[in-house]
Amino acid sequence: MNRVLVSAEGQTEETFVREVLRKHLWNFNVDLNPVVITTHRVKQGQKFKGGVLSYEQTKNEVMRLLRDTNVVAVTTLYDLYHLPKNFPGQDTRPKSNGRDKALHLEQAFQQDINSPRFYPHLQVHEFEAFLFVEPVRTAELFPERDLTNEIQRIRDGFPTPEDINDNPQTAPSKRIIELYPKYEKPLYGTLAVLGIGLDLIRAECPHFDSWLTWLEGLG
């Protein structure tokens, strides 16, 4: 089985890879292993994990993973939203849709790392876009109040969940928190993707689907 490492932004992305993507990719002879990005190391070997805080930290993490010569590829699962300002391609980022922005930044990231085994993926615009794939199932996670209509109304305002924007007030996570202030990404984000399922997510999120199709081809 061909082993692949994915640098994941946090605990929720790690769980998504381990519980959903990894099991799916076994059918394609691909063993996808998540590694949560290390943000800080201190003496005595203690590490702090989670979050893309700077490009230097991100590049160091990717280069560290590429030193494992037993893996056929290294990839990423980072949110497009809120990337560091010094991330490659930020200065020339197009003003069009989220997928175009992600493709532009991914290409610049790949060129900077300069390894044929590296294929970056940026989630458009963030992980919580998945929560708008199937509003009925997402609303079931919030039992205190039926939020189906509110979530559906947001979803209907965009061509795909990936088009829900990167505005600091209206990004997918901000919209969910506004509807349900008790929202916690590690809990509700994980439950949502497990309930919605990979087929629906692929059908509604074309940039994510392209990445998964590439992963399937590594087997």
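Multiplying the residue separation of Glu144 and Asp209 by 0.36 nm and removing their Cα-Cα distance gives an extension gain of 20.1 nm. Estimated at the nearest 10 Å², the accessible area of Lys174 is 80 Å² with a 1.4 Å probe. Extension gain for Asn2 to Asn33 (0.36 nm times residue separation, less C-alpha to C-alpha distance): 10.1 nm. Among the GluC sites (Glu not before Pro) in segment 136-219, those placed in a DSSP loop whose Cβ has at most 12 other Cβ atoms within 10 Å are Glu144, Glu184. Per-residue ellipticity at 222 nm, computed for the chain from helices alone with -39500 (n - 2.57) per DSSP H run of at least four residues, works out to -11000 deg cm²/dmol. Rounded, prolate or oblate for segment 166-219? Axes are the square roots of the Cα gyration tensor eigenvalues, ordered a ≥ b ≥ c, and the cut-off for rounded is a/c under 1.5. Cα axes put segment 166-219 in the prolate bin.
Between Ala73, Ala203, Ala102, the residue with the greatest mean-square fluctuation in the GNM of the chain (Cα pairs under 10 Å linked by springs) is Ala203.
In a DSSP loop and with at most 11 other Cβ atoms within 10 Å, the trypsin sites (Lys or Arg not before Pro) in segment 106-171 are Arg145.
Only lysine pairs 8 or more places apart or on separate chains count here, and in segment 37-191 those with Cα atoms under 19 Å apart total 8. Applying 0.36 nm per residue to the separation of Asp91 and Lys59 and subtracting their alpha-carbon distance, the gain on full extension is 9.8 nm.
Computed from Cα positions, the angle between helix 98-113 and the longest principal axis of the chain comes to roughly 10 degrees. Using θ = phi - 60° in the Karplus curve 6.51 cos²θ - 1.76 cosθ + 1.60, the 3J(HN,Hα) couplings for segment 163-168 round to 8, 5, 7, 10, 6, x Hz; x is entered for Gly and Pro. For segment 140-155, backbone phi angles converted through the Karplus equation (6.51, -1.76, 1.60; θ = phi - 60°) give residue-by-residue couplings of 5, 6, 10, x, 5, 8, 6, 9, 4, 5, 5, 5, 5, 4, 5, 4 Hz, Gly and Pro being listed as x.
What is the pair-distance distribution P(r) of the chain, computed from all Cα-Cα distances in 10 Å bins starting at 0, with each bin given as a whole percent? Taking every Cα pair in the chain, the percentages come to 8, 34, 37, 18, 3, 0. For segment 186-193, the Karplus equation 6.51 cos²θ - 1.76 cosθ + 1.60, evaluated at θ = phi - 60°, returns couplings of x, 7, 6, x, 5, 4, 5, 5 Hz by residue, with Gly and Pro reported as x.
The values are calculated or read from the model by the stated rules, or taken from the named source; none is laboratory data. Please read all numbers here as calculations on a predicted model, not as lab measurements. Please note: Cβ atoms are built from the backbone with ideal geometry, for glycine as well, and neighbour counts cover all protein chains shown. Accessible surface is based on the protein model in full, side chains and every heavy atom, while ligands, DNA and RNA are left aside. Shrake-Rupley method; radii C 1.70, N 1.55, O 1.52, S 1.80 Å.
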